[in-house]
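So the structure is just underneath, and the comments pick up after that.
The values are calculated or read from the model by the stated rules, or taken from the named source; none is laboratory data. Just so you know, these numbers come straight off a predicted model, no measurement behind them. Positions of Cβ are generated from backbone atoms using ideal geometry, with glycine treated the same way; all protein chains shown enter the neighbour counts. Surface accessibility is based on the protein's heavy atoms, side chains included, excluding ligands, DNA and RNA. Shrake-Rupley method; radii C 1.70, N 1.55, O 1.52, S 1.80 Å.
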Amino acid sequence: MRTHFAALLVLTIASGCAVGSGAVVKGAGPNDLLKLRDGPGLNHKIIIGLPDGTRLTRQNCVTTKGKVWCRVTLTDRPSVSGYVSADYLAHR
């Protein structure tokens, strides 16, 4: 159990998925938006589209069907929260 926890902790730190860390949307492209969803996965309802550069506060991350999804809140509007693919997050 300790080995599993230690490995998870290292993975979390290495991936930059620390709770409360700042993130920014990156890689959605100039003509597309990153979808903020109400759950971790493509089958969940889209709440809003986020353009590159949107500032987020990362909460926790989970793996669903081999993809990492992070619960985030909009830094400028903390009442808006949901899940985004970690593939489109960068440190800020």
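Results for (1) surrounded by fewer than 13 Cβ atoms within 10 Å (Cβ to Cβ); (2) in contact with a strand residue (DSSP E or B) (Cβ under 8 Å, 6 or more places away or on another chain); (3) modelled with pLDDT under 95, shown as yes or no for each residue.
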position: A14; (1), (2), (3): yes, no, yes
position: L34; (1), (2), (3): no, yes, no
position: G39; (1), (2), (3): no, yes, no
position: N43; (1), (2), (3): yes, no, no
position: I46; (1), (2), (3): yes, yes, no
position: N60; (1), (2), (3): no, yes, yes
>> Condition first: open to solvent by 80 Å² or more (accessible area, probe 1.4 Å), touching a strand residue (DSSP E or B) at 6+ places or on another chain (Cβ under 9 Å) and charged (D, E, K, R). Now tell me which residues in segment 62-92 satisfy that.
In response: K67, D76, D87, R92
> over 11 Å from the mean Cα position of the chain (by Cα) and without any contact (Cβ under 8 Å) to a residue 40 or more places away in the chain - does that describe any residue in segment 84-92?
Replying inline: no
